[in-house]
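Scroll down for the structure; my scribbles are underneath it.
The values are calculated or read from the model by the stated rules, or taken from the named source; none is laboratory data. These numbers come from a predicted model, not from an experiment. With ideal geometry, Cβ positions are generated from the backbone for all residues, glycine too; neighbour counts draw on all protein chains shown.
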Amino acid sequence: MPPAPTDAASGTPSPTVTPVAIAEFPFGPSTSTTPLPKDCESILTPGILDTLQGIPLNAPGIGGGIRPDSSRVCVWADPGASRTSLVTVVGYSPEREARDALYLLGVDEGYTCYEPDEGLRCEKSGTDELGLPVGRTVYWRDGVAIDTQYSNLAPQGYTAAIVRSIWG
């Protein structure tokens, strides 16, 4: 087994940074005329941004940014805190594929699904093996999906704030 990377100046091991895992959802071409947000901060309220104060956004090595399909990936996570992250993907998602995926989340994976704010929302929360809160919320409307996955970091009203910023 190779030795852990070290900080050459101090000789102490430095943390290994790995990208945050993101569950799959069918992002891709859509007939939506809804514009995607320009960045990750503009989709959140000042109160939620205050909650996330001090947590790096799209830190080097953990993922984030704009995908080739134009989806925005927002990763709020400290590379040194492997069990704390909030990952949101906002992008276009074709209607049939999105509705099928949401249906399967509800039927096969035990998500609670309902229809708020003229869209479809499926969510599931629980705890990991250390008792930390984990979960996922997927919201779809007018050809745009908001897919948020969290571990130990779930600001109240997060998805609703994104919905309001995109659709008013």
For this session: From the list G11, G61, G91, pick out the single residue that is at pLDDT 95 or above and not polar (S, T, N, Q).
Result: G91
Problem set entry | Restricting segment 62-87 to residues that are exposed (fewer than 13 other Cβ atoms within 10 Å of the Cβ) and of a type in the set (G, A, S), the residue that is nearest to Y158 (Cα to Cα) | G65
Exercise. From D100, D128, D50, D108, which residue is out of contact with any Phe, Trp or Tyr (no Cβ under 8 Å at 6 or more places or on another chain) and closer than 19 Å to A160 by Cα?
Worked result: D50
Seminar exercise, completed: When segment 57-92 is checked residue by residue, the ones that are over 24 Å from S32 (Cβ atoms) and basic (K, R) are R83
For this session: Name every residue in segment 21-58 that is surrounded by 11 or more Cβ atoms within 10 Å (Cβ to Cβ) and β-branched (V, I, T), in order of residue number.
Result: I22, T34, I43, T45, I48, T51, I55
Exercise. How about segment 89-116: which of its residues are exposed (fewer than 14 other Cβ atoms within 10 Å of the Cβ), assigned to a strand (DSSP E or B) and within 19 Å of the chain's Cα centre (by Cα)?
Worked result: T112
Problem set entry | Residues satisfying the stated conditions in segment 64-100, i.e. more than 18 Å from C40 (Cβ to Cβ) and among the aliphatic types (A, V, I, L, M) | A81, A98
